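Scroll down for the structure; my scribbles are underneath it.
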Amino acid sequence: MALLKLSRVQKIYKQGSIEVPALRGIDLEIQPGEFTTVFGPSGSGKTTLLNLIGCLDQPTDGTVIFDGRDLGVLDKKALAEIRRESIGFVFQSYNLIPVLTAYENVEFAIRLVKRYSDNELRTRVMGILEAVGLSGLEHRRPNELSGGQKQRVAIARALVKEPKLILADEPTANLDTATSEEVLDVMVKMNQELDITFIFSTHDPKVMEYAHRLLEITDGRISQDKRREPSGALH
């Protein structure tokens with residue numbers, strides 16, 4: 001069964017009396033474990049699509065089914081629960097809490113889930129920090145970390161609850177080429193080892209090299225849907 005299914009999805013924003021269509025009828029299925037990149041020019045609808053999938057917004061028309069549930073019929077509390085339990089987010093600006101250490105930033109995400117004892121929680125946080133290559137840096141705050149290290153903390157925060165889906169919006173935009181490759185290798189490793197589904201929004205050709213599937217969005221429509229053998233480092 002598809003993890004995600006969008007049918008005839010439209011999103012129209014209103015600016016006063018003017019309607020601005022962002023998505024114009026999206027039909028899409030994402031299977032569990034896919035590593036998919038969504039690309040297209042600025043304003044094409046990429047971020048809008050991720051916001052709908054991530055329960056941060058709702059379509060004007062059409063349906064979004066995530067893990068067998070129709071997101072359009074759920075209230076705000078139920079949507080927040082899905083975001084908290086089943087979806088991880090990685091952003092280009094990292095969105096770390098500056099007064100918290102790397103450990104505390106990751107711990108904060110898993111405490112929200114409320115299903116682990118303190119011992120289990122510590123084991124999971126330290127385990128995921130090690131998995132993303134941050135052993136020994138857990139007590140550093142964001143201003144003591146490089147851009148690549150900050151993004152690794154953000155990835156660890158998204159992964160620690162073992163979500164079914166991770167949405168990454170331009171995750172390499174603020175990183176140099178070498179650091180981008182290191183961060184992408186971490187995400188590929190987590191995709192392969194934990195079978196977590198990844199959907200990226202990007203302009204970065206390097207990210208596209210790692211993807212199993214390329215979705216091009218043009219003027220709010222899917223203009224290309226191509227499956228391929230990835231050429232990124234870990235594949």
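The values are calculated or read from the model by the stated rules, or taken from the named source; none is laboratory data. Bear in mind that the values here come from a model prediction, so they are computed numbers and not experimental data. Positions of Cβ are backbone-derived with ideal geometry, glycine not excepted, and every protein chain shown enters the neighbour counts.
When the range 28-68 is filtered for residues that are more than 26 Å from residue 209 (Cβ to Cβ) and either part of a strand (DSSP E or B) or touching a Ser or Thr at 6+ places or on another chain (Cβ under 8 Å) (or both), the ones remaining, listed by number, are 57, 61, 62, 63, 64, 65, 66, 67. For the range 104-141, a residue qualifies if it is modelled with pLDDT of 90 or more, over 18 Å from residue 194 (Cβ atoms) and under 20 Å from the mean Cα position of the chain (by Cα), and the qualifying residues are 105, 107, 108.
Whenever a residue of the range 186-209 is without any contact (Cβ under 8 Å) to a residue 40 or more places away in the chain, its partners that are in a loop (DSSP other than H, G, I, E, B) and buried (at least 21 other Cβ atoms within 10 Å of the Cβ), lying with C-beta atoms within less than 7 angstrom and at least six residues away or across chains, give the pairs 204/172; 206/172.
Selection of the range 69-82 for residues being surrounded by fewer than 16 Cβ atoms within 10 Å (Cβ to Cβ) and assigned to a helix (DSSP H, G or I) yields 72, 73, 76, 77, 78, 80, 81. Just to be sure, is residue 90 under 27 Å from residue 229 (Cα atoms), crowded, with 21+ Cβ neighbours inside 10 Å and in contact with a Pro (Cβ under 8 Å, 6 or more places away or on another chain)? Taking the combined requirement at face value, the residue satisfies it.
Okay, residues lined up against (1) of a type in the set (S, T, N, Q); (2) over 17 Å from the mean Cα position of the chain (by Cα); (3) surrounded by 19 or more Cβ atoms within 10 Å (Cβ to Cβ):
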{"site": "9", "(1), (2), (3)": "no, yes, yes"}
{"site": "22", "(1), (2), (3)": "no, yes, yes"}
{"site": "42", "(1), (2), (3)": "yes, yes, no"}
{"site": "46", "(1), (2), (3)": "no, no, yes"}
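Going through (1) closer than 27 Å to residue 20 by Cβ; (2) touching a residue at least 24 places away in the same chain (Cβ under 8 Å); (3) of a type in the set (A, V, I, L, M, F, W, C) one by one, residue 100 falls short only on (1). A single member of 45, 54, 133 is closer than 24 Å to residue 172 by Cα and touching a Phe, Trp or Tyr at 6+ places or on another chain (Cβ under 7 Å), and it is 54. If the condition is being part of a strand (DSSP E or B) and farther than 22 Å from residue 214 by Cβ, then the range 11-27 contributes 12, 13, 14, 15, 18, 19, 20, 21. For residue 97, state whether it is of a type in the set (A, V, I, L, M, F, W, C), more than 28 Å from residue 24 (Cβ to Cβ), assigned to a loop (DSSP other than H, G, I, E, B) and out of contact with any Cys (no Cβ under 6 Å at 6 or more places or on another chain). Taking the combined requirement at face value, the residue satisfies it.
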